[in-house]
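S.K.: To start, I am sharing the structure in question, which I have written as structure tokens.
The values are calculated or read from the model by the stated rules, or taken from the named source; none is laboratory data. Because the structure is predicted, anything quoted here is derived from the model rather than measured. Glycine gets a Cβ as well: all are built from the backbone with ideal geometry, and neighbour counts include every protein chain shown. Only protein heavy atoms, including side chains, enter the accessible area calculation; ligands, DNA and RNA are left aside. Shrake-Rupley method; radii C 1.70, N 1.55, O 1.52, S 1.80 Å.
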Amino acid sequence: KRNRLKVLLPWLEARVAEGNQDPFLHNGIAKIYIDTNRDPETFLKTNQFYDSAAVGKYCEDRDPHLAYTAYKRSWGSCDEQLVNVTNKNGLYRLQARYLVERQSPDLWGMVLNPENEHRRQVIDQVVSTALPESTNAEDVSATVKAFIAADLPNELIELLEKIVLHKSADFGKNKNLQNLLILTAIKADKTRVMDYINRLDNYDGPEIAKIALGEPYCLYEEAFLIYKKHNLNAEAMDTLLMNLESLERAQEFAARCGDSTVWYKLGKSQLENGQVAEAIDSYLKAEDATDYQEVIQAAERLELFEDLVRFLLMARKSAKDAVVDTELVYSYAKTDRLGEMEEFVSGTNTANVQGVGDRLYDEQTYKAAKILYQSIPNNSKLASCFVQLGEFTQAVEAAKKANNPKTWREINIACVKAKQFRCAEIAGMHIIVHPDHLEDLASQYEKDGHFEELIALLDAGLSSERAHVGMYTELAVLYTKYKPEKLMDFIKMNTAKLNIPKLIQACERHYLWSQAVFLYTHYDEFDAAANTMMAHSTVAYSHDQFQMILQKVSNHEIYYRAITFYLEENPMQVNALLNTIMSKVDHARVVGQVKKTGHLPLMLPYLKAAQQHNIQAVNEAINDIYVEGEQFEDLRQSIEDFDLFDQIALAQKLEGHELVEMRRISALVYKKNKRYKQSIDLSKQDKMYKDAMETAFDSGNAELAEALLRYFVDNDMKECFAACLFTCYDLIRPDVGLELAWRKNMLDYAMPFLIQVLREYTSRIDALDKKTQKKEEAEEKEKSASNDFVPDYMANPMMAGVMPGFGNLAIGNAPANVMMQPQGFQQPGMMQPPSMMMQPGMMQPGRM
């Protein structure tokens with residue numbers, strides 16, 4: 001026939017020359033050119049009259065490239081044939097070029113369908129060749145939309161990388177493409193985001209940064225880099241402080257950008273985190289004293305008065321406030337810069353000098369207080385300062401102006417020297433009611449060694465209506481020195497009447513630690529009480545009292561020192577301590593601290609209680625304890641309930657464990673992290689085939705399921721083969737299961753699977769048959785609607801010979817004698833059951 005057609009070539013060409021446009025005529029010429037190889041490609045590209053479908057079909061077995069050319073020429077009508085021929089012959093590059101040029105969403109949807117086994121090869125060619133070759137923006141837009149519609153984020157990243165990062169065309173600077181690339185990476189592959197941010201420069205930085213910061217992405221480093229790259233220093237600083245929580249990096253960033261707003265934000269954060277000195281430096285660089293109240297409180301609490309002086313001097317330039325001037329005077333005094341303080345109070349200021357002087361006097365900073373009292377003046381306080389300083393001449397002068405009972409004091413001194421204690425006691429009773437003279441009086445008595453008489457004097461004076469704190473305090477101080485056995489009872493009875501700071505100093509000087517702890521507790525100095533109890537545990541420690549104190553401390557560092565203290569001195573009560581302070585400590589830090597001592601198992605009850613917060617350090621510590629103790633059930637429960645830990649590291653650690661249950665847990669962790677192949681391999685090594693099958697099913701990967709099925713077949717594990725068919729029913733292709741069963745003579749074990757497959761397909765055909773039958777009945781009723789009577793005995797002759805379950809399909813409409821013919825031959829080893837229909841009650845794999 002081919003030679004006969006060649007004979008007609010001159011006649012056919014003559015008809016073409018006459019202008020004949022008959023498709024069959026041109027089809028014939030095309031076939032002759034193809035068979036004789038007379039430049040058929042040029043003819044197929046230039047001729048407009050041949051039938052692309054017919055010529056393309058003719059070329060498929062002869063030259064797939066010519067078939068592609070013929071199908072492409074139809075531009076849409078032969079898309080499916082073009083895809084099929086390029087898939088069949090591996091012409092993925094040509095298919096990819098056509099897809100890009102065609103810009104058809106329907107065609108893209110067909111090619112990118114997950115069921116298309118050639119999808120990966122086509123995508124590779126689109127990314128590597130077809131799209132980079134295109135210079136048409138519409139081609140790029142259509143391709144990107146197709147990938148988005150097909151939900152291919154990773155492939156879309158590859159595509160956009162090729163366009164934006166590796167192509168020198170104008171697309172590389174397209175803002176929308178850059179935005180799409182970064183956002184897609186944020187959602188699908190976070191590891192690439194940082195590189196894109198560094199390499200790209202034409203994207204909506206602030207908007208992308210907000211998305212990166214939000215849930216569930218939490219890409220703080222990337223957001224910081226975006227803000228930094230776009231010179232949004234304030235937002236970058238907020239990211240460092242609130243999200244990354246890195247004061248060290250924040251300080252470096254502030255130093256580099258030198259922005260006053262950034263310095264202010266850094267200072268505020270440092271102040272909130274207790275880094276007062278650093279915060280003051282930051283505020284100074286920002287020249288912003290807005291938070292002066294908080295700075296003053298924090299600096300005084302930590303006694304950072306040198307730094308506070310610098311801050312207050314800066315604050316006075318912008319804030320005219322009495323608090324600033326008052327605290328500046330106080331800071332001058334605390335730093336012993338008395339000359340500057342005197343110069344300041346003598347000038348114009350709004351400081352509360354009296355208040356500062358009283359504070360300094362209470363704190364026994366008498367020199368500074370003296371200067372302040374002289375500037376007011378306040379002769380009564382000034383005299384007290386002179387007395388405390390031992391400047392008795394000046395004290396006398398001040399006392400005259402204050403009208404103080406100097407005579408009584410002189411009498412008392414003289415009587416003591418003369419050892420006339422009765423008269424001395426009378427004089428002393430008038431003097432001790434004046435607090436500013438009491439200390440001098442007591443010093444005088446003690447200096448001469450008359451402490452018994454002094455104790456008796458003060459004890460008698462307490463019954464006076466004019467008895468004051470100084471008297472009680474002085475008597476308590478005397479007890480600390482000479483009669484410590486009476487001190488505890490005395491301070492318990494008179495706690496509210498004592499100058500506790502002074503008495504605490506006395507107790508510490510005389511090593512009365514138990515009394516000092518009691519005084520610290522009642523003075524609300526719980527931090528000092530806890531420190532004292534830990535430092536002098538032999539005499540001051542009590543478990544119940546220590547726990548009560550620890551609930552009220554303000555310095556959280558004490559909690560961690562207390563943990564170390566208990567581990568060293570009372571380890572059996574460490575869990576009771578941790579339960580008390582559980583809500584106030586950083587569990588991760590506690591774990592790190594105890595881990596260094598090697599006593600983590602001791603605090604397992606605490607770790608279990610803290611695990612509810614799902615903290616990585618706690619989870620890993622508990623898991624390590626369970627691993628070390630080979631408590632696999634507890635370890636499995638911990639992994640199931642709390643997922644915040646280094647799962648891959650744990651899996652690798654357990655992978656070689658001598659206990660099979662531990663290795664099962666390793667396989668479980670791999671499965672949770674979607675490393676299904678590693679999990680299956682590990683289960684196969686341990687012969688945990690049920691675990692392997694369940695993992696294969698959970699993976700949803702047909703290749704893994706079929707690989708496992710082949711493993712069972714290769715190892716002649718028939719029962720496992722049947723179980724795998726049941727477990728992974730939805731993933732295993734029927735032809736694969738049947739082939740493996742037939743090759744290894746396991747058809748009996750595959751029969752339930754095959755029956756279920758046949759049942760499923762039969763059910764579908766029956767459903768289709770019912771739909772078709774109903775449709776035909778409806779059409780028949782419409783046709784016969786005008787008739788009054790339709791005989792019941794009339795039947796549809798087309799329904800004769802139809803096999804049950806196959807409806808009106810072509811296979812079902814075959815002649816009855818053909819349909820009933822037996823099979824011509826049997827497969828080797830194939831069982832011939834009497835019926836393939838599912839018996840009632842038959843278990844359906846995968847439908848339990």
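S.K.: What number does the stretch 710-768 give for Rg over Rh if you use C-alpha atoms and the Kirkwood radius?
M.R.: Values: Rg = 11.9 Å, Rh = 11.7 Å.
Rg divided by Rh gives 1.02.
S.K.: Under the 0.36 nm per residue contour assumption, what length would be gained going from the current alpha-carbon distance of Asn701 and Ser463 to full extension?
M.R.: 76.4 nm
S.K.: Pop a pseudo-label 7 angstrom from the Cα along the beta-carbon direction at both Ala649 and Lys497 and give the gap in nm to one decimal.
M.R.: For Ala649 paired with Lys497, the spin-label model returns 6.3 nm.
S.K.: In nm, what is the difference between 0.36 nm times the number of residues separating Lys596 and Tyr761 and their Cα-Cα distance?
M.R.: 53.0 nm is the gain from fully extending Lys596 to Tyr761.
S.K.: Taking all protein chains in place and a 1.4 Å probe, what share, in percent, of the accessible surface of the stretch 594-673 do carbon and sulfur account for?
M.R.: Ligands and nucleic acids excluded, carbon and sulfur reach 46 percent.
S.K.: Between His118 and Glu568, how high is the FRET efficiency from 1/(1 + (r/R0)^6) when r is the Cβ-Cβ distance and R₀ = 60 Å? Nearest 0.05.
M.R.: Efficiency, from the Cβ-Cβ distance: 0.30.
S.K.: Sticking with this structure for a sec: Going 7 Å from the Cα of Asp321 in the Cα-to-Cβ direction, what parts of the stretch 262-290 have a backbone nitrogen less than 11 Å from that spot?
M.R.: 289-290
S.K.: What is the distance, in nm, between label points placed 7 Å from the Cα along the Cα-to-Cβ direction at Lys690 and at Lys672?
M.R.: Simple spin-label model gives 2.1 nm for this pair.
S.K.: Let me ask you something else. Please calculate how many Å² of accessible area the stretch 1-128 carries per residue, with a 1.4 Å probe and no DNA, RNA or ligand atoms counted.
M.R.: I get 55 Å² per residue for this part.
S.K.: Okay, next question. With no solvent and one point on each alpha carbon, what is the Debye value of log10 I(q)/I(0) for the stretch 682-792 at q = 0.13 Å⁻¹?
M.R.: Those come out to -0.56, one per q.
S.K.: Let me ask something else about it. Suppose accessible area is computed on protein heavy atoms with a 1.4 Å probe; arrange Asp288, Asp489 from highest to lowest.
M.R.: Heavy-atom accessible area, descending, gives Asp489, Asp288.
S.K.: Give me the log10 of I(q) over I(0) for the stretch 638-713 at q = 0.20 Å⁻¹, as the Debye formula computes it from C-alpha points; what are the numbers?
M.R.: Summing over Cα pairs of the stretch 638-713 leads to -0.79.
S.K.: To two decimal places, what compactness ratio does the stretch 257-335 give when its Cα radius of gyration is scaled by 2.2 N^0.38 Å?
M.R.: 0.99
S.K.: Net charge within 9 Å of Ser260 by Cβ-Cβ distance, Lys/Arg positive one each and Asp/Glu negative one each, not counting Ser260 itself?
M.R.: Result for the neighbourhood of Ser260: -2.
S.K.: Hey, another quick one. Please compute, for the alpha-carbon atoms of the stretch 526-577, the extent along each of the three principal axes and give them in descending order in Å.
M.R.: Principal extents (largest minus smallest coordinate, Cα): 25, 22, 16 Å.
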